[in-house]
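Undergrad: Please find one structure pasted underneath; my questions will follow.
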Amino acid sequence: MPSFSRLMPLAITLALLGGVLAVASKNMIVDLDLFHEMALYRQMESEGSMPTTDAFAYTPTNETVVHHEWGTGAVIYLATVSTGWGASALVALKYFLTFAVCFGCFFYAKKQGAGLAVFSILAPFALNLGGWMAFNNIRAQLFTLLFLVILLFLLDLDRRGKRWWVLIWFPLFIIWSNMHGGVVSGMGILGVYCFARLVDAGLETRSPLKTLHRVWHLVITGLVTLILLIVNPYGWEYIPYLYRAVSMDRPLILEWRPIWEIRLPLIYGISVLIAAYAIWREGRTSIFESLALILTAYLAAKHYRHGSLYAVTWACMVPPMIQRSGLSQEIKNMFDSYRAQITVTAFSIALIAVGYSINVRFWELKIPNQISNTQKHEVIYPAGAADYLRSQSLESELNLFVPFAAGAFVQWKLHPQVKVSIDSRYEVAYPDAAIVENDDFYKARKGWQTTLQRYDTHAILVPVNSPLGELLVQDDSQMAKQIGWSWVYKDSGFAVYVPDDTLEKFTPIDRTGEPIQGVFP
């Protein structure tokens, strides 16, 4: 029978893999951005070129629409729609990218000297910090995390004197910049690395000329990287868009709030303390790692959505730094002293994680039509309402006022018959005030009625649990009668209202209480 000393590495590995699967399978709802990305690629295929003006909204949009995630939409569309593999392909791609990122973090940390024991102790912090946001179905940000890990490996090659890494970096950067605006994080990490190498060389040579000789290739690489930002369907227009997207405030978007306002402030705080200890122990021998951790920790603190960037950087850099500190010996002694207990615990964690993943059906995508009792803030989609509008055989184009989170789903399912008021492209297509107006409307704030007269709106999609939905339903829609609108469709998640003078064009249907689940794609 194998001894615990031989079983322990296997048990720990299975526990780590199970943990990744459990975190990734916790959210099987299709990401809302995926729909507008796919809709754009479908339109591009139809027109034969990249459209730079909006075709999906009937409300005012930006003069030039620069969609920084168009490449992600192309990959998703080709993998799911063009192949005919649909949801299965999306799930497979999600887990491939997820495990590629996690394996990349482990092998990078191992290459820098981290042992399995130290990595297994620290990995749960990274999983909790970044997994909820990163491992979804599928966000362009997941590609950014994979490219970030690859960049760290390339920079490690440079540190070892192998400069051919730039031949991989340049095409990688072009692909990255066409898939997600998160390419800015890659530019930031590259800039931090260049600065760290400059400081290291300056301290070692004490000569400006010798310092420049050591880092000139990095200066050239940085300049070429900046130039390559224009290699995209939008050319120079991409740069001012990227600046605006990075610098603008998004107070109404939950994930753009500071990390301590959203979730896991304790875990984030502990991770920062561990990183601070590691940086203190390393001193100036790890300037790059220290600066990269400080940069990504700041980004995560400022915006919760950047917690995944911090998590990947943390998982790659902190374990090897801790391995070189005095703590590693303490961890080794603990693992040596409690082999049996750790082995049994790790196997148990692996079984629990796999059991949880099976229970939530990790292989099954979800497009929920109403909020569940256990998930109060999950995204829901108007699957039933979309089916209803499609069945009405609309004689002309319908302008549908929609909630921010539902617009992309509607444009994917119903374009070109239906145009929307807004969708989650946000700054890509709409002026800054559009989301505020949309939020005020569905929260029935003062003046919400005037929004109906401001645009040529033919119908309204209303979440029944929104303040507006509750207002319209009260007293069998006394408010609806007051504004001259009536429902033609409703279910447990959404209702569709149209002006009373167009009621005869629609067949009223009430599906309240019926289970409705959307279908991908």
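The values are calculated or read from the model by the stated rules, or taken from the named source; none is laboratory data. Fair warning: this is a prediction, and the values are worked out from it, not measured in the lab. Glycine also receives a Cβ, built like all others from the backbone with ideal geometry; neighbour counts cover every protein chain displayed.
Undergrad: Condition (residue is aromatic (Phe, Trp, Tyr) and under 20 Å from the mean Cα position of the chain (by Cα)) applied to the stretch 318-335: is it met by at least one residue?
TA: Taking the stretch 318-335 first, the residues aromatic (Phe, Trp, Tyr) are 335.
Adding the requirement that they be under 20 Å from the mean Cα position of the chain (by Cα) leaves none.
Among the residues of the stretch 318-335, not one is aromatic (Phe, Trp, Tyr) and under 20 Å from the mean Cα position of the chain (by Cα), which makes the answer no.
Undergrad: Additional query: For the structure I just gave you, tell me whether Trp132 is out of contact with any strand residue (DSSP E or B) (no Cβ under 6 Å at 6 or more places or on another chain), part of a helix (DSSP H, G or I) and at pLDDT 95 or above. Working first, answer last.
TA: On the way: out of contact with any strand residue (DSSP E or B) (no Cβ under 6 Å at 6 or more places or on another chain): yes; part of a helix (DSSP H, G or I): yes; at pLDDT 95 or above: no.
No: the conditions fail for Trp132.
Undergrad: Here is a follow-up. With the structure loaded, tell me whether Glu289 is surrounded by 19 or more Cβ atoms within 10 Å (Cβ to Cβ) and of a type in the set (Asp, Glu) or whether it fails that test.
TA: Working: surrounded by 19 or more Cβ atoms within 10 Å (Cβ to Cβ): yes; of a type in the set (Asp, Glu): yes.
Taking the combined requirement at face value, the residue satisfies it.
Undergrad: Spot the failing condition for Leu93; the list is (1) surrounded by 20 or more Cβ atoms within 10 Å (Cβ to Cβ); (2) more than 18 Å from Asn178 (Cα to Cα); (3) within 15 Å of the chain's Cα centre (by Cα), and only one is missed.
TA: (1)
Undergrad: Where residues in the stretch 475-521 are part of a loop (DSSP other than H, G, I, E, B) and β-branched (Val, Ile, Thr), which of them is nearest to Phe401 (Cα to Cα)? Step through it out loud before you land on a result.
TA: Start the filter on the stretch 475-521 by keeping residues that are part of a loop (DSSP other than H, G, I, E, B), which leaves 477, 484, 491-493, 506-508, 511-516, 518-521.
In the following step, the residues that additionally are β-branched (Val, Ile, Thr) were identified as 507, 512, 516, 519.
Values: Thr507: 19, Thr512: 21, Ile516: 21, Val519: 22 Å.
Checked the stretch 475-521; the qualifying residue nearest to Phe401 (Cα to Cα) is Thr507.
Undergrad: Please list, ordered by first then second residue, the pairs with beta carbon atoms under 7 Å, 6 or more apart or interchain, first in the stretch 424-452 and within 21 Å of Pro499 (Cα to Cα), second among the hydroxyl-bearing types (Ser, Thr, Tyr) and part of a helix (DSSP H, G or I).
TA: Once the first residue is within 21 Å of Pro499 (Cα to Cα) and sits in the stretch 424-452, its partners that are among the hydroxyl-bearing types (Ser, Thr, Tyr) and part of a helix (DSSP H, G or I) give Glu437/Thr451; Phe441/Thr451.
Undergrad: Taking helices (runs of 4 or more DSSP H) that do not extend beyond the stretch 382-460, which have at least 2 residues that are surrounded by fewer than 19 Cβ atoms within 10 Å (Cβ to Cβ)?
TA: Details: elements: 383-391, 407-414, 433-442, 450-454.
Fully inside the stretch 382-460 and qualifying: 383-391, 433-442, 450-454.
Undergrad: May I pose another question? Any chance the stretch 82-89 includes a residue that's surrounded by fewer than 23 Cβ atoms within 10 Å (Cβ to Cβ), modelled with pLDDT under 95 and on the phi > 0 side of the Ramachandran plot?
TA: Step one: list which residues in the stretch 82-89 are surrounded by fewer than 23 Cβ atoms within 10 Å (Cβ to Cβ), which gives 82-89.
Next, from what is left, pick out any that are modelled with pLDDT under 95: none.
Within the stretch 82-89, not a single residue is surrounded by fewer than 23 Cβ atoms within 10 Å (Cβ to Cβ), modelled with pLDDT under 95 and on the phi > 0 side of the Ramachandran plot.
Undergrad: Within the stretch 489-510, how many residues turn out to be surrounded by fewer than 22 Cβ atoms within 10 Å (Cβ to Cβ) and touching a residue at least 60 places away in the same chain (Cβ under 8 Å)?
TA: The total comes to 5.
Undergrad: Could you look through the stretch 233-282, keep only residues that are of a type in the set (Ser, Thr, Tyr) and surrounded by 13 or more Cβ atoms within 10 Å (Cβ to Cβ), and pick out the one that is farthest from Trp176 (Cα to Cα)?
TA: Of all residues in the stretch 233-282, those of a type in the set (Ser, Thr, Tyr) come to 234, 238, 241, 243, 247, 268, 271, 277.
Imposing the further condition that a residue be surrounded by 13 or more Cβ atoms within 10 Å (Cβ to Cβ) reduces the set to 234, 238, 241, 268, 271, 277.
Values: Tyr234: 15, Tyr238: 13, Tyr241: 16, Tyr268: 27, Ser271: 28, Tyr277: 33 Å.
Out of the qualifying residues, it is Tyr277.
Undergrad: Sticking with this structure for a sec: Any residue in the stretch 371-379 that is surrounded by 19 or more Cβ atoms within 10 Å (Cβ to Cβ) and either outside any loop (DSSP other than H, G, I, E, B) or in contact (Cβ under 8 Å) with a residue 60 or more places away in the chain (or both)? Give the derivation first.
TA: Just the residues of the stretch 371-379 that are surrounded by 19 or more Cβ atoms within 10 Å (Cβ to Cβ), to begin with: none.
Scanning the stretch 371-379 turns up no residue that is surrounded by 19 or more Cβ atoms within 10 Å (Cβ to Cβ) and either outside any loop (DSSP other than H, G, I, E, B) or in contact (Cβ under 8 Å) with a residue 60 or more places away in the chain (or both).
Undergrad: With the condition kept exactly as written, say whether any residue in the stretch 225-245 is modelled with pLDDT of 90 or more and within 25 Å of Met317 (Cα to Cα).
TA: Yes, some residue in the stretch 225-245 is modelled with pLDDT of 90 or more and within 25 Å of Met317 (Cα to Cα).
Undergrad: Only helices (runs of 4 or more DSSP H) wholly contained in the stretch 302-368 count here; list those with 3 or more residues that are under 21 Å from Val20 (Cβ atoms). Give the derivation first.
TA: Values: elements: 307-323, 327-337, 339-359.
Of the helices (runs of 4 or more DSSP H) lying wholly inside the stretch 302-368, those with at least 3 residues that are under 21 Å from Val20 (Cβ atoms) span 307-323, 339-359.
Undergrad: Here's a follow-up. Checking Arg284 against (1) more than 28 Å from Trp169 (Cα to Cα); (2) more than 24 Å from the chain's Cα centre (by Cα); (3) among the basic types (Lys, Arg): exactly one of these is not met. Which one?
TA: Here Arg284 clears every test but (1).
Undergrad: Give me the pairs, please: first residue somewhere in the stretch 66-93 and assigned by TED's automatic domain parsing to the domain that holds Leu21 and without any contact (Cβ under 8 Å) to a residue 24 or more places away in the chain, second residue anywhere and among the hydroxyl-bearing types (Ser, Thr, Tyr) and surrounded by fewer than 19 Cβ atoms within 10 Å (Cβ to Cβ), beta-carbon distance under 7 Å, and either six or more positions apart or on two chains.
TA: From residues that are assigned by TED's automatic domain parsing to the domain that holds Leu21 and without any contact (Cβ under 8 Å) to a residue 24 or more places away in the chain, the pairs are Ala89/Thr83.
Undergrad: Tell me yes or no: at least one residue of the stretch 57-71 is touching a strand residue (DSSP E or B) at 6+ places or on another chain (Cβ under 6 Å) and either assigned to a helix (DSSP H, G or I) or crowded, with 18+ Cβ neighbours inside 10 Å (or both). Reasoning before the result, please.
TA: Looking only at the stretch 57-71, we keep the residues that are touching a strand residue (DSSP E or B) at 6+ places or on another chain (Cβ under 6 Å), and these are 57-58.
Filter again for either assigned to a helix (DSSP H, G or I) or crowded, with 18+ Cβ neighbours inside 10 Å (or both), leaving 57-58.
Yes, because at least one residue in the stretch 57-71 is touching a strand residue (DSSP E or B) at 6+ places or on another chain (Cβ under 6 Å) and either assigned to a helix (DSSP H, G or I) or crowded, with 18+ Cβ neighbours inside 10 Å (or both).
Undergrad: Moving on. Filter the stretch 140-175 for residues that are within 24 Å of the chain's Cα centre (by Cα), of a type in the set (Phe, Trp, Tyr) and buried (at least 17 other Cβ atoms within 10 Å of the Cβ) and give the result.
TA: Within the stretch 140-175, Phe143, Phe147, Trp169, Phe173 qualify.
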